[in-house]
Each structure stands twice: as C-alpha cells, then as structure tokens.
Amino acid sequence: MNLLTVDHITKVYTQRELFHDASFYLQDGEKVGIIGINGTGKSTLLHMLGGLDRPTSGTVMVDGQDIFSLKE
C-alpha cells in the first residue's frame, strides 16, 4: 500500500489554476524534492498534503485514509 496517494487534485486559487488533475504516490521510505520558480504552487501543494488547505477537487490519502474526511 502507498503511504501517500494524491489522486486527481485540482487547485484553483483566485481564478488561477495551480494544479490540474495531478496524481502521484509515495511508498514508505521514498524521498522526493519539490522544486520550481516562485508562484508555481509548491507551498500550496505542501499545505494540501498536510491538510492545511483543501484541493478544489481530488483526494489526498495517507495510509489509505482520505485526510479531508477526518474530523479536525
């Protein structure tokens, strides 16, 4: 099973689409880096992965559990 699964997320922020139908997964022990120029959504992605910001559509799952279906 994947530790983290991002499934078809889209994020629209002030009429600008930062992500469109983005999907990826990470398995236990994998490491990744997030790089890009200013304003491309790196921090927004991290906020969504941490549950601080909600995607406009799609799901973020940790250990098979949709983090946005959990109680605060």
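The values are calculated or read from the model by the stated rules, or taken from the named source; none is laboratory data. Note that this is a predicted model, so its numbers are computed, not measured. Please note: Cβ atoms are built from the backbone with ideal geometry, for glycine as well, and neighbour counts cover all protein chains shown. To get the accessible areas, we keep the full protein, side chains included, count just its heavy atoms, and leave off ligands, DNA and RNA. Shrake-Rupley method; radii C 1.70, N 1.55, O 1.52, S 1.80 Å.
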For the range 22-72, what is the accessible area per residue in Å², given a 1.4 Å probe and the full set of protein chains? 75 Å²
Trypsin sites (Lys or Arg not before Pro), restricted to the range 1-60: which are DSSP loop and have at most 13 other Cβ atoms within 10 Å? 31
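For the chain, what ratio Rg/Rh do Cα atoms give with a Kirkwood hydrodynamic radius?
Expressed as Rg/Rh, it is 0.96.
What part of the accessible area of the chain, given as a whole %, is carbon or sulfur when the probe is 1.4 angstrom? Please report the intermediate quantities before stating the final value.
Numbers: 2800 of 5400 Å².
Reported share for carbon and sulfur atoms: 52 percent.
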